[in-house]
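A quick write-up on the structure given underneath.
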Amino acid sequence: LSAFFAMLIGFYFYLDSISRSYGTYAVLPDGSKISLELARTDEERARGLSGRASLPPDKGMYFIFPSEDIYGFWMRGMQFPIDIIWVKHSVIVGIAERVPVEPGVPDGELKIYRPPEPVSSVLEVRAGSATRYGLVPGDKIKIQIVPTK
């Protein structure tokens with residue numbers, strides 16, 4: 001039993017080291033790539049992109065959820081508008097474009113954006129990116145891990 005746990009801990013550290021030594025990208029239908037920061041934990045998902053001054057056009061945040069559900073997003077602490085792209089099994093199922101910031105609005109009054117159906121992940125990108133890349137529901141997005149060196 002202790003050998004099993006030792007192996008499990010070793011595997012965890014192996015996966016952790018791989019995730020730090022590789023870059024994550026979304027490959028869009030037109031072949032464009034967006035470099036992604038992953039939000040995998042509850043803490044990372046809650047923080048999201050809030051508190052940042054801006055987001056470069058070729059960057060984004062990819063939220064990975066433990067199960068499919070209707071996950072709502074708000075603009076708490078955001079300083080720039082974004083596009084929210086809801087994804088289910090690598091297929092775009094909905095897009096909220098040019099979601100505006102809501103400075104000074106109390107948390108309880110912030111607008112909540114929801115997908116049209118349960119999703120497994122969400123991609124947040126700079127406002128206008130969905131139009132820029134011609135993204136529409138039904139398009140496939142491939143998440144790819146590639147060497148950064």
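The values are calculated or read from the model by the stated rules, or taken from the named source; none is laboratory data. Just so it is clear, the model here is predicted, and its values are computed rather than measured. Cβ placement follows ideal geometry from the backbone for every residue including glycine, while neighbour counts extend to all protein chains displayed. Surface accessibility is based on the protein's heavy atoms, side chains included, excluding ligands, DNA and RNA. Shrake-Rupley method; radii C 1.70, N 1.55, O 1.52, S 1.80 Å.
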- Item | Residues satisfying the stated conditions in segment 56-78, i.e. among the aromatic types (F, W, Y) and out of contact with any Ser or Thr (no Cβ under 8 Å at 6 or more places or on another chain) | Y71, F73, W74
- Query: If you go through segment 55-81, how many residues are in a strand (DSSP E or B) and in contact with a Gly (Cβ under 9 Å, 6 or more places away or on another chain)?
  - Reply: 3
- Can we say A130 is within 23 Å of Y25 (Cα to Cα) and surrounded by fewer than 20 Cβ atoms within 10 Å (Cβ to Cβ)? no
- Query: Among the candidates I85, I95, which residue alone is in a strand (DSSP E or B), under 21 Å from K59 (Cα atoms) and open to solvent by 40 Å² or more (accessible area, probe 1.4 Å)?
  - Reply: I95
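Would you call V105 open to solvent by less than 30 Å² (accessible area, probe 1.4 Å) and either farther than 20 Å from V93 by Cβ or in a strand (DSSP E or B) (or both)? I'd like the intermediate steps shown before the answer.
Working: open to solvent by less than 30 Å² (accessible area, probe 1.4 Å): no; either farther than 20 Å from V93 by Cβ or in a strand (DSSP E or B) (or both): yes.
Here the answer is no, as V105 does not meet what is asked.
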- Note on the structure: Of the residues in segment 47-57, those that are open to solvent by 50 Å² or more (accessible area, probe 1.4 Å), out of contact with any helix residue (DSSP H, G or I) (no Cβ under 9 Å at 6 or more places or on another chain) and in contact (Cβ under 8 Å) with a residue 12 or more places away in the chain number 5
- Task: Could you please let me know if L123 is surrounded by 12 or more Cβ atoms within 10 Å (Cβ to Cβ) and closer than 20 Å to I70 by Cβ?
- Result: yes
- Query: Taking only pairs six or more apart or across chains, which ones have beta-carbon atoms under 9 Å, a first residue in segment 27-46 that is farther than 10 Å from Y62 by Cα and in contact (Cβ under 8 Å) with a residue 40 or more places away in the chain, and a second residue that is loosely packed, with under 14 Cβ neighbours inside 10 Å and of a type in the set (G, A, S)?
  - Reply: L28/G134; P29/G134; D30/G134
